[in-house]
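Contents: one structure, followed by commentary.
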Amino acid sequence: MKVFLDTADMKMIKKYVQLGIIDGVTTNPTHLSKEKEKPEKIIKELVKIVPGDISVEITEKSADKVYLQAQKISKIAKNIVVKIPCHADYYEIIKKLVKEKIQINITLVFSLAQALFMCKLGVKYISPFIGRLDDIGADGTQLLYEIRDMIDNYGYSTQIIAASIRSIDRFNEAIMAIADVATIPSDVFEKSLQHPLTDSGMEKFLSDWKKTGIKQFP
Ligand code: G3P
C-alpha cells in the first residue's frame, strides 16, 4: 500500500520523504493557499524531492480552460498527476487527456457510479473523500469497500486514493479496505507514527532497567 502526504508543507514533505515512508504527495488549492511560497515554486521543488506521484489540481472552471491547464500542468514533470474534479462537465476532456496519456487523479468522488465512470474513462487514480462523506452522515469507508469490489470485479486498472482522511481510525479503515493509496494530512500522519502505549511501555522498561543498577550494557 502506498501512503501519500496530503499537504503542500515542504518542511513536512522533505522530512518524511527522506525517511522513505512517503510514496507521493497530493496537493490542492486549499493546501497551496496556506503556504508562504508561490504555488509554482513549491511544485517545482516538490518534483525534485518526491520520487513518487505528485497531484496538482486544476484551478480553472470551464472545460476548455481546464483541458489546456491540465496539459500545461502535466508538462511540469514526469511524476505530475493532474487533479480534476469529478464533474460531469469534464468527462469529455478527461477522455481526451487520458488518450494523450496524461496522468489524472479524479478528485471529489462521492459515489460508486462516479467511480465507475472514471474507471471506464481510464484515469490513473480516483479519490473518494471519506471525511466529507462523514460530514453529511454518510459512510465514506463503506464507499471505499464498494469501489474496491467494483474495480476488482470488473478488472479496471484505476487506483483508489482514500482522501479526506481526518483521523487514525479512518486511516486504519482505508488500510483494511485495501485502498491502493491513503493520502494523509500532516497532523494525522504524525499522530499515526505514535501510540501512548508505546510511550508508557518504554518508560516502564527503562525505569525497570534502572533498578538493576547497571551503568553500561552490553
Ligand atoms: O485529499 C483531500 C483533502 O485534502 C480534503 O480534505 O479534510 O478538506 O475534506 P478535507
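The values are calculated or read from the model by the stated rules, or taken from the named source; none is laboratory data. If you're wondering where the values come from, they're calculated on a predicted model, not measured in any experiment. Glycine also receives a Cβ, built like all others from the backbone with ideal geometry; neighbour counts cover every protein chain displayed. For the accessible areas, the whole protein counts, side chains as well, though only heavy atoms, and no ligand, DNA or RNA atoms are used. Shrake-Rupley method; radii C 1.70, N 1.55, O 1.52, S 1.80 Å.
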From the set of residues in segment 183-198 that are assigned to a helix (DSSP H, G or I) and among the aliphatic types (A, V, I, L, M), which is farthest from the ligand (Cβ to nearest atom)?
-> LEU197
Residues satisfying the stated conditions in segment 118-139, i.e. surrounded by 14 or more Cβ atoms within 10 Å (Cβ to Cβ), more than 10 Å from the ligand (Cβ to nearest atom) and part of a helix (DSSP H, G or I) | MET118, CYS119, LEU121
Does SER55 count as within 14 Å of PRO85 (Cα to Cα) and either within 15 Å of the ligand (Cβ to nearest atom) or of a type in the set (S, T, N, Q) (or both)?
-> yes
When you go through ILE84, ILE21 one by one, which is the residue that is outside any helix (DSSP H, G or I), out of contact with any Gly (no Cβ under 8 Å at 6 or more places or on another chain) and under 22 Å from ILE175 (Cα atoms)?
-> ILE21
Counting only residues that are more than 15 Å from ILE161 (Cβ to Cβ), open to solvent by less than 20 Å² (accessible area, probe 1.4 Å) and within 12 Å of the ligand (Cβ to nearest atom), how many does segment 1-31 have?
-> 1
Some residue of segment 58-79 being within 30 Å of ASN172 (Cβ to Cβ) and either surrounded by fewer than 12 Cβ atoms within 10 Å (Cβ to Cβ) or of a type in the set (D, E, K, R) (or both) = no
Spot the failing condition for ALA115; the list is (1) more than 16 Å from the ligand (Cβ to nearest atom); (2) surrounded by 15 or more Cβ atoms within 10 Å (Cβ to Cβ); (3) over 12 Å from GLU57 (Cβ atoms), and only one is missed.
-> (1)
For segment 32-52, the count of residues that are away from the ligand (no atom under 15 Å from the Cβ), open to solvent by 90 Å² or more (accessible area, probe 1.4 Å) and within 18 Å of the chain's Cα centre (by Cα) equals 1
